[in-house]
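Undergrad: Pasting a structure here, questions to come.
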Amino acid sequence: MTAPVLEVAGLCAGYGSLTAVSGVSLCVAPGEVVALFGPNGAGKTSTLLATVGVLPRNAGRVHWNGVPAPKSLHTFTRAGLAFVPEQRSTISSLSVLDNLRLGRGTVELALEYFPELADHLHRPAGLLSGGQQQILMLARALAGRPRILLVDELSMGLAPLVVERLLGVVRRAAEEDGLGVLLVEQQMRRALSVADRWYLLSHGKVAAQGDAHESGGAVLEEAYLESMGITQSVA
């Protein structure tokens, strides 16, 4: 098995006295898309934030390419990680071109991933649609040629065609560039279509994990319902 580019073991984190992540362990290999599922409040976003150092870790370890990961997002980014948060972090007053220039990569590479941005380079990012802003954020992240990409709710509030476009580029980057991806996503079926493996979180812990290509998502669906206290009746 290929050595993981990202390995999280026994991760614990929280907000004051509230524990949000409790002993989470997971890994991502180069060229692999790993989806992280769970109901609201399961600890998905907190796991990402603790992994990259935005949320302080109370326990556990995070290894990046086999060595302890940096504790700050800025240092992590310089080491080859890209993080696309749930909140779109474009600067609305700057042009699309200037937003791309804020990243660590080239504008040319960003346009290779998303050539549709070429027609909007001189528009203020704030005038773009939600889908176009999400494309801009992902293009900026991928242009830096990261080794690992962490993405939080890429599809939130977007039209199905835009979601398919975004997830398709994520899959392409994994296959062609060896990018490892940890993807938090509510749209399970769409995420499973591009993922290799999945983890299901419940109450801050890993409740189940599996192969995205087995059973057509049935195992995940059953585990998801169980995590919410819903049992399926047998006809």
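Read the figures in this text as sums done on the coordinates, not as results from a lab. Bear in mind that the values here come from a model prediction, so they are computed numbers and not experimental data. FYI the Cβ positions are ideal-geometry reconstructions off the backbone, even for glycines, and counts take in every protein chain you see.
Undergrad: For Ala207, what residues show an amide H to amide H distance below 5 Å, using hydrogens built from the backbone and excluding near sequence neighbours?
TA: For Ala207, the qualifying residues are Leu200, Leu201, Ser202.
Undergrad: Let me check against my output: what whole-number percent is the relative contact order of the chain, with C-alpha pairs under 8 Å and at least 6 apart? Mind showing how you got there, number by number?
TA: Working: 471 pairs, mean separation 62.2, N = 235.
It rounds to 26 percent for the chain.
Undergrad: With θ set to phi - 60° and the Karplus curve 6.51 cos²θ - 1.76 cosθ + 1.60, what are the ³J(HN,Hα) couplings of segment 150-158 in order, to the nearest whole Hz, using x for Gly and Pro?
TA: Values, residue by residue: 10, 10, 10, 6, 4, 8, 4, x, 10 Hz.
Undergrad: Would you mind checking the tilt of helix 130-143 against the longest principal axis of the Cα atoms of the chain, expressed as 0 to 90 degrees and rounded to 10?
TA: Value to nearest ten degrees: 90.
Undergrad: A further question follows. Where Lys and Arg each count +1 and Asp and Glu each count -1, what net charge lies around Ser155 among other residues with Cβ under 15 Å from its Cβ?
TA: Counting the neighbours of Ser155, the net charge comes to +1.
Undergrad: Turning to a different aspect of this structure: Please list, in chain and number order, the residues 5+ apart from Leu179 or on another chain whose amide H is under 5 Å from its amide H, with Hs placed from the backbone.
TA: Placed amide hydrogens put Gly31, Ala174 under 5 Å from Leu179.
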